[in-house]
Structures are given as C-alpha cells and as structure tokens.
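A.B. asks: Sharing a structure below in structure tokens format, with a few things to ask.
Each reported figure results from applying straightforward, stated rules to the coordinates on display, with no laboratory input. What you see is a predicted model, and the numbers here were worked out from it, not measured in a lab. Neighbour counts run over all protein chains shown; Cβ positions are idealised from the backbone, glycine included.
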Amino acid sequence: MLEVGGCAILGVGIWLAVTQGNFATLSTTIPFISAANLLIGIGIIVMIVGFLGCVGAIKENKCLLLTFFILLLIIFVMEMVGGILFSVYRGQIDIYAREDLKQGLQLFDTDGNIGLTNAWSIIQTDFRCCGVSNYTDWFEAFNTTGAPDSCCREYSVSCGLHSPDTFWKD
C-alpha cells in the first residue's frame, strides 16, 4: 500500500512539473520549493521506504525490516519535531512568509517571471483576494495606485487601474 501511495504521489509531482512548467513557486528566496518538487521528493522517499518494507517482509530479512522500521521511526520523529517547531515559531514563520511573498509581488509581470505572474493571478482569482495582506501591497510594490486585473471582483480589461472599491478586500 505504501508503494502504491508513493507511486501516486510521485506521478502527481511529475505531472505538475510537466504541465505547470514555470508556474513553479511564489517564493523568491527559495525558488526550488514548489508543489511539484515537494511531491516528487516525498514520492521518492515513500517509494524507497515502502520497497524496503515489502522486500524485507517477502524475504523475511531482519536487516531490511529493521531498516524499514528505523526509517519509519526517523520519519515519525521528523514529523513530530517539525510540528513542534512550526507551532513554536509560527509567528516568525508567518512574518517571513509575508515578507517573501511581498518580494515576489515586485516580480509580477516582469520578463522571465511568467510562472510567478500566473501563480499570483490564479491565486487571487480563485481565492478572491488581492495581494499578500490586502490590495495596498500592490501599491507598495509598484509605487502606484493600481493592482492587477486579477484583483477585481468583476473582471474587465484594466479594471485594476480603477477604484480600489472594485478589488477583493479579504
């Protein structure tokens, strides 16, 4: 079962990498962390661990079963430590993420950043939001009073240049 799950996760990761292309990430400081890359990495790890457990059980090999158990224990401990660290440093993580996303706003609609531009447009349209905290993030990023058209509640060409009353608020 673990092996099938690993294959599925890996398959979805590869599919995302191929179909989404440069719709990679919103982070400017850690660009290699994208949904596709995370899924590929996790899928490979799950497949390897599952393979060790499966072969160890079939061959009744104590060494492989012990390795399987140790890897599962390490993964469990890492998840626990990660969860604890996340809850302890949640405020700092939130501040860092907001600042990183605001830096990404400055690259919106610039050469070579079509993936980032598409990501922001899709997120703002799907989640009915504008900017990181609100529409004023765009004003700060571009020193202007406009926002992308994806911020508009009712889309029309250049609607982002009009009154902020037409932008998503939350």
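A.B. asks: For the range 49-111, run through the trypsin sites (Lys or Arg not before Pro) and keep only the ones in DSSP coil with at most 16 other Cβ atoms within 10 Å of their Cβ.
C.D. replies: Those that pass, being in a loop and sparsely packed, number zero.
A.B. asks: How far is helix 2-20 tilted off the main Cα axis of the chain, in degrees rounded to 10, range 0 to 90?
C.D. replies: Rounded to the nearest ten degrees, it is 30.
A.B. asks: Between residue 90 and residue 153, what is the label-point separation in nm under the 7 Å Cα-to-beta-carbon projection?
C.D. replies: 3.1
A.B. asks: Within 10 Å of each candidate Cβ there may be at most 10 other Cβ atoms; applying that plus a DSSP loop requirement, which chymotrypsin sites (Phe, Trp or Tyr not before Pro) in the range 23-123 survive?
C.D. replies: Passing sites in the range 23-123 are 32.
A.B. asks: Could you work out the longest stretch of the chain that avoids the GluC sites (Glu not before Pro) located in DSSP loops with at most 10 other Cβ atoms within 10 Å?
C.D. replies: 61-153
A.B. asks: Something else about it: Return the FRET efficiency for the residue pair residue 169, residue 80: r is the Cβ-Cβ distance, R0 is 35 Å, and the value is rounded to the nearest 0.05.
C.D. replies: So, using R0 = 35 Å, E works out to roughly 0.35.
A.B. asks: Here is a follow-up. Tell me which aspartates and glutamates have Cα within less than 17 Å of residue 169's Cα, excluding those fewer than 8 residues away on the same chain?
C.D. replies: 126, 137, 140, 149, 154
A.B. asks: While we're looking at this one, here's another question. If the rule is a partner Cβ under 4.7 Å, which cysteines in the chain fail it?
C.D. replies: By the Cβ distance rule, which asks for a partner under 4.7 Å, the isolated cysteines are 7, 54, 63, 129.
A.B. asks: Follow-up. Tell me, what ³J(HN,Hα) does each residue in the range 80-97 have, in order and in whole Hz, if you take phi through Karplus 6.51 cos²θ - 1.76 cosθ + 1.60 with θ = phi - 60° and put x for Gly and Pro?
C.D. replies: Karplus-based 3J(HN,Hα) across the range 80-97 equals 5, 4, x, x, 5, 4, 4, 5, 6, 9, 4, x, 5, 5, 4, 4, 4, 5 Hz.
A.B. asks: What do you get for the angle between helix 35-59 and the principal long axis of the chain? Use alpha-carbon atoms, 0 to 90 degrees, nearest ten.
C.D. replies: 10
A.B. asks: Place a +1 charge on the Cβ of each Lys and Arg in the chain and a -1 charge on the Cβ of each Asp and Glu, then give the dipole magnitude about the Cα centre in debye, rounded to the nearest 20.
C.D. replies: Using only the charged Cβ atoms, the result is roughly 540 debye.
A.B. asks: Could you grab the relative contact order for the chain? Cα pairs under 8 Å, six or more apart, rounded to a whole percent.
C.D. replies: So the answer I get is 18 percent.
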